Amino acid sequence: MRQWPEFRQPLFVAAVVLYAAHQLNRHVLQWPLPTLLTSYLADMAGMPAILSVALAAQRRLVVRSRAFVLPDSWLLAAWAYASVWFEGLLPYVSATAVADPWDVVAYGVGTLAFRYWLNRPGD
């Protein structure tokens, strides 16, 4: 794990734990939680986790430099892709998916958290 510092960042660990806890509660425990948590926590926590994996893969497999950071244009594209797919297209092909413009905001908050706290040159 020493060679994967992206996965030791506290925000990455918190995002993965929160996402996993959200999914565990949603599918197994089913404890009543505030709507704000049940509706937007996974969307917000998912982006830093996904983007951290993408950053680590780019650094190891493509660029081969720990100093590489994801360009803002890539972050914007990731946010747009998640927003269009999950809030624009998926609700048309899945009976369980629901479009919610606040999810787009949650994806944006997660993407910005990644940009400011995780998208840093490695050591």
Exercise. What label, among [x] 1.00; [y] 1.11; [z] 1.03, belongs to Rg/Rh (Cα atoms, Kirkwood Rh) computed from the structure on display?
Worked result: [x]
Exercise. If the chain between LEU29 and TYR81 were fully stretched, how many nm would it gain, using 0.36 nm times the residue separation less the Cα-Cα distance?
Worked result: 15.7 nm
For this session: Could you please state, rounded to a whole Å, how far the C-alpha centre of segment 1-45 is from the C-alpha centre of segment 59-106?
Result: 17 Å
Problem set entry | Principal-axis tilt of helix 101-113 within the chain, Cα atoms, nearest 10 degrees | 20 degrees
Problem set entry | Value of relative contact order over the chain, rounded to a whole percent, pairs C-alpha under 8 Å and six or more apart | 35 percent
For this session: Obtain the nm distance between the two label points defined at SER39 and VAL93 by a simple spin-label model: each point lies 7 Å from its Cα along the Cα-to-C-beta direction.
Result: 2.6 nm
Problem set entry | Using alpha-carbon coordinates, inclination of helix 72-83 to the longest axis of the chain, degrees | 20 degrees
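All of the numbers you see were taken from the coordinates with simple rules; none came from a lab. Here the structure is a predicted model, which means the values were calculated and not measured. Ideal geometry is used to build each Cβ from the backbone, glycine not excepted, and the neighbour counts take in all protein chains shown.
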